[in-house]
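See structure below.
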Amino acid sequence: MEIELWWLLVIPLFFLLGWLAARIDIRHVVRESRSLPRSYLSGLNFLLNEQPDKAIDAFIEAVRIDPDTVELHFALGSLFRRRGETERAIRMHQHLVERVDLPHAQRTQALAELGQDYLKAGLLDRAEDVFLRLRGTELDDMALNQLLEIYQQEKEWAKAIEIAQALPDHESVWWRKEMANFHCEIAESAMTESRFGDAEHSVAAALTVNPKSVRASLLRGDLLLRDGHLEAAIDAWKRIETQDPAYLALVADRIMQAHQKTARAEQGLQMLRSFMERHPSLDLLDTVFETTLKMQGPQLAYDLVREELRRNPTLLGLDKLLEAGIMTAPDEYRTDIELVRQLVHGHTRRVARYRCGACGFKARQFYWRCPACGGWETTPPKRTEEYDLAP
């Protein structure tokens, strides 16, 4: 292969250009590093040495010396918020929002961060004002979700519905479930204030949004029972079996009351027993046991629990069996059975709680909305023992 003579001139030229480019880059880096406040470099050094408190003090000094370090403002503000120092975070982000020379995108980001600070500090009214200002901006979706959370915390259900309707992912299963619960919250408030017409309207709206809303069917049955429509109320509660049978325990007492008012208590008890056979539930067993005990005596209640315990062995079921056994056993054995029941009862308190399927939060009472994660209908009326025994 022959080498052209002019190549020998081009190759050194390339090396020379590369050397000049490297020199320019190095000078640029050195010039930028010199322009940074010394406290900024000290802060980085503290971070590398795992001294976060000293690093924060150094960064604060860097911001004071050079107010144009916008990204450092954002980083410090977020750090303060995570550490629970909301007042410092608010001051940091307020300073950015008030700067007239800040570009629109950074001002919008600063406003969003300020809203997060207010939320963290529990200043919901101020947070609401901030996120309302963000409506129609490039952060509109974020603002909608934050406003939805604020209105749920403030129990402003009408506003929550309005915001939920503006969400981009509305009509999803999650959206329908939340919307139905918002309407049910309004219905319950109306019932408390004896505005039963408004309650009926909200229940109808809930079922329109989510035909599988168990809570709406429960409230519809309550309204029908109040108006004296006993059969219609029972039908409304029976519908829950097709929506989600796990919630039948919530209407078991209601079904029995409606049947007793029509002098058909035996038929009501038989209905609950059929529910329990198809959908075993510890809460449902508790209602059926208590009803059988009152209507048919301790022996039949004992037989009922014993049969259910054979089908679904649980500690809570054993506790009920021992309770009935104390009533039916001869006097000389009752003390021993009572002792055994006390031992079992100490363990049942541990497995008798409700548990959120989303975050694992446990509580002794049932909640439509989890107090920990805020999820709607994430805590079905099942005891933790039922979860542990489920395949």
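The values are calculated or read from the model by the stated rules, or taken from the named source; none is laboratory data. Not measured: the values here are computed from a predicted model. For neighbour counting, all protein chains shown are included, and Cβ atoms are generated from backbone atoms with ideal geometry for every residue, glycine included.
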* Structure fact -> Counted residues in the stretch 115-135 being in a helix (DSSP H, G or I) and surrounded by fewer than 20 Cβ atoms within 10 Å (Cβ to Cβ) come to 8
* To do: Run down 115, 77 and say which single residue is under 30 Å from residue 369 (Cβ atoms), not assigned by TED's automatic domain parsing to the domain that holds residue 180 and not aliphatic (A, V, I, L, M).
  => 115
* To do: Can you confirm whether the stretch 141-149 contains a residue that is within 26 Å of residue 376 (Cβ to Cβ), surrounded by 14 or more Cβ atoms within 10 Å (Cβ to Cβ) and touching a residue at least 60 places away in the same chain (Cβ under 8 Å)?
  => yes
* Would you check if there is a residue in the stretch 180-197 being among the aromatic types (Phe, Trp, Tyr) and either closer than 30 Å to residue 117 by Cβ or surrounded by 20 or more Cβ atoms within 10 Å (Cβ to Cβ) (or both)? => yes
* Odd one out for residue 292, checked against (1) under 30 Å from residue 259 (Cα atoms); (2) surrounded by fewer than 19 Cβ atoms within 10 Å (Cβ to Cβ); (3) among the polar types (S, T, N, Q) -> (2)
* To do: Answer yes if at least one residue in the stretch 322-336 is exposed (fewer than 14 other Cβ atoms within 10 Å of the Cβ), closer than 25 Å to residue 385 by Cα and not assigned by TED's automatic domain parsing to the domain that holds residue 219, and no otherwise.
  => no
* Of the criteria (1) surrounded by 14 or more Cβ atoms within 10 Å (Cβ to Cβ); (2) in a helix (DSSP H, G or I), which one residue 357 fails -> (2)
* Do we find that residue 270 is surrounded by fewer than 16 Cβ atoms within 10 Å (Cβ to Cβ), under 28 Å from residue 215 (Cα atoms) and not assigned by TED's automatic domain parsing to the domain that holds residue 382 in this structure? -> yes
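Does residue 138 satisfy the condition of being part of a loop (DSSP other than H, G, I, E, B), in the same structural domain as residue 125 (by TED's automatic domain parsing), over 23 Å from residue 241 (Cβ atoms) and in contact (Cβ under 8 Å) with a residue 24 or more places away in the chain?
The answer is yes for residue 138.
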* To do: Only helices (runs of 4 or more DSSP H) wholly contained in the stretch 254-329 count here; list those with 3 or more residues that are within 23 Å of residue 382 (Cβ to Cβ) and of a type in the set (Phe, Trp, Tyr).
  => none
* For the stretch 211-218, indicate whether the set of residues that are closer than 18 Å to residue 157 by Cβ, surrounded by 15 or more Cβ atoms within 10 Å (Cβ to Cβ) and among the charged types (D, E, K, R) is non-empty. => yes
* Looking only at the stretch 256-315, and only at residues there that are hydroxyl-bearing (Ser, Thr, Tyr) and under 36 Å from the mean Cα position of the chain (by Cα), the one that is modelled with the lowest pLDDT -> 314
